[in-house]
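The values are calculated or read from the model by the stated rules, or taken from the named source; none is laboratory data. Computed from a predicted structure; not experimentally measured. Counting neighbours? That spans all protein chains shown, and the Cβs are built from the backbone with ideal geometry, glycine included. The accessibility values were calculated without ligands, DNA or RNA, using every heavy atom of the protein model including side chains. Shrake-Rupley method; radii C 1.70, N 1.55, O 1.52, S 1.80 Å.
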Amino acid sequence: MTRTHLANSAYRRPTLACGAAVALVGAAALTGWAVGHPLLLGLRASYIPMAPNTALAFIVLGFGLFAIGLGGRGSGLFAGAGGVLVALIGALRLGEFAGGAGFEVDEWFFRVRGGRFGLAPIGKMSLPTAAAFVASGGATAVLSRPSRPKWLDHAAGACGAVAAMTGLVFALGYLFSPNSPLLYGTESIPMALNTALSFIVLGAGIASAAGPEAFPLLRLSGPSIRARLLRIFLPLVVGTVGVVSWMTHLITTTSGASSAAISSAALAAASILLFGMICERIAGRVGGQIERAEADLRQAHDLLEIKVEERTRELNRTNGELAEALREARNAHQSLQGAHLELQLAQSRMLQQARMASLGQTAAGVAHEINNPLAFVTNNLVVLRREVGGLHDILKLYQQAAQTLEEYQADLYARITGMEAEVDLPFVLENLDGLLERSRVGLMRIQKIVADLRDFAHLDEAEFKEVDLNAGIGTAVRLMRKLADDRRVSIETTLAPLPPTTCFPAKINLVVQSLISNAIDACRPGGRVLVATREVGGGSEIRVSDDGRGIPAKDRDRIFDPFFTTKPVGEGTGLGLTISYGVVKEHGGTIEFTSTPGRGTTFTVLLPTAPPADALASPAPIVTDEREPAAPA
């Protein structure tokens, strides 16, 4: 992370001020050593002076902290180098205390006249001073880096707090014993008062440079209640503890034994009063703010409940209106959808009826136009075959006279022989009967096609009739073979005897045609379609099976829906299976299917021998769609 908080004057100015103050104190101490002024060395002539190395370290760290506040790459390098140097000197001094090593760190930069201040040597960096310099120097080196992890900011702030607390301890020692600083009379070297104060200021500057998101300012900054309470309590507690401690020491050192007890009791009572006043003030401020916040919260809660109730009523009313409008819209949509579907079905029925009427007229005309020439062509072929037989016999007799003709009419015989060879008379005589027979068979097939067309459409049947279903199914299969051959699909039949069935023959034939057409569409080249019938429970079962693609599971619930199709646009209307379903139901039967994707589909139609009574009373018109009998299986 980068030091973006130093762009804020609330943190930049304290950093610069603390750095400048520490450097100024260090410079004053060095000046005091140079001119021999005791006030510059230790604030009072009776206090131990600041060591030269200590003063120099404060100058370096002060300028380093000032450079951190200014920012810039060069400033950062200077601060980092200075922090590392001070930390190194402090560490070496600690090494002298710990192992008795003779580094003589205090004589590296300045040599001063030795001596003792009581039991303490003059001009030497003390043990707590060295430790505080290691912490503050390391913190300054860390803060000099422009980008650093967040935990390093916490570590730098903690080191600054250690240095400040060290200085605070010795400053309070001077407060409690002005003429005999803390730790005097021991083997340890005491800390000068200006050194202690400088560490307090230096620690505060390091904490400000670490920023509000690092220890220790992390818990004091921000708008949170905890931070606001700490900002109120901490100065009061610190000031109160300091004043009470100083007054206790002052009373015990200036009063007699008898008056000291009374003075201490009075001081205790005054302390209780002071703390009570402080607590009352804090409770008043904090409690007042909490009470105001609670009152505002209750008021906001009540207002919110009122608004929620009003909004709930409005929403309920609006929801009711929307629900009613939605029901009406849904009903209207369903009515329109039903009417639209009925119109489409009616239009389809009208179109199919028109097609069937046109088909009937066309079939009648075609049958008439074909049957008349076909009749005399057939008759002429019979006469021709009889006459050709006589000519064949005459030619054989002529051939028996060939030898006589050759003897008496050589030229004529040569011409006859040449013409006989030219027309290949033996071949013609041999194959003429077969040619006439094949022509007769072709004419019979034409007659059969016309008969199948008339039988399939049953154009002369307008009501239920008892028929043999196998005859109509066979006709449908023959009419669909051309489509099957074009698709390279084979059609096989297994037609078992069926009982006579009363039905609309044309409709049943068209249902079978639809199922066969669907099966052919579903097969790949080389596929197979099987049409089978059998008697089941006194009725008739018609099965149309294929080995094609099968019907996807997602489409199985919709294949009987009107206008549902999986064929490309323009290849069908989606009414094939819908109409087939209606025709079968009209006859009182059922139509079902089983399908396995990739293996094929089987449609099974069950028809009773006689339709329901209501169907017999009012037969429906013929409806079909020859373009798309059904959705592909």
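When the criteria are applied in full, Glu463 fails the requirement of being at pLDDT 85 or above, charged (D, E, K, R) and within 27 Å of Val583 (Cα to Cα). Picking from residues in region 511-526 that are among the small types (Gly, Ala, Ser) and open to solvent by less than 10 Å² (accessible area, probe 1.4 Å), the one that is nearest to the chain's Cα centre (by Cα) is Ala522. Residue under question is Leu435, and the condition is that it be at pLDDT below 75 and part of a helix (DSSP H, G or I); does it hold? When the stated conditions are applied, Leu435 does not pass them. Considering the conditions (1) assigned to a helix (DSSP H, G or I); (2) of a type in the set (Gly, Ala, Ser); (3) open to solvent by 30 Å² or more (accessible area, probe 1.4 Å); (4) at pLDDT below 90, Gly173 is excluded by exactly one of them, (3). Annotation note: Cβ proximity below 7 Å between a residue of region 487-510 that is in contact (Cβ under 8 Å) with a residue 60 or more places away in the chain and open to solvent by 30 Å² or more (accessible area, probe 1.4 Å) and a residue that is acidic (Asp, Glu) and part of a loop (DSSP other than H, G, I, E, B) (sequence gap 6+ or interchain) occurs for Pro500/Asp468.
The strands (runs of 3 or more DSSP E) found wholly in region 466-553 include none carrying at least 3 residues that are within 23 Å of Pro612 (Cα to Cα) and touching a Cys at 6+ places or on another chain (Cβ under 7 Å).
Among the residues of region 182-217, the one identified as at pLDDT below 85, in a helix (DSSP H, G or I) and more than 46 Å from the chain's Cα centre (by Cα) is Leu193. If you go through region 463-473 and keep only what is open to solvent by less than 20 Å² (accessible area, probe 1.4 Å) and touching an Asp or Glu at 6+ places or on another chain (Cβ under 9 Å), you end up with just Gly472. The residue of region 141-153 that is most open to solvent (accessible area, probe 1.4 Å), among those that are closer than 28 Å to Asn53 by Cα and at pLDDT below 90, is Arg145.
Matching residues to (1) buried (at least 24 other Cβ atoms within 10 Å of the Cβ); (2) at pLDDT 85 or above; (3) among the acidic types (Asp, Glu):
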site	(1), (2), (3)
Ala21	no, yes, no
Leu24	no, yes, no
Gly42	no, no, no
Phe58	yes, yes, no
Gly72	no, no, no
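Within region 399-414, the set of residues being open to solvent by less than 100 Å² (accessible area, probe 1.4 Å) and assigned to a helix (DSSP H, G or I) comprises Gln399, Ala402, Thr404, Leu405, Glu406, Ala410, Leu412, Tyr413, Ala414.
In a helix (DSSP H, G or I) and under 16 Å from Pro128 (Cβ atoms): does that describe Phe66?
It is false that Phe66 is in a helix (DSSP H, G or I) and under 16 Å from Pro128 (Cβ atoms).
The C-beta contact set for region 540-561 (first residue surrounded by fewer than 16 Cβ atoms within 10 Å (Cβ to Cβ), second residue part of a loop (DSSP other than H, G, I, E, B) and not β-branched (Val, Ile, Thr), distance under 6 angstrom, 6+ apart or interchain) comprises Arg558/Phe564.
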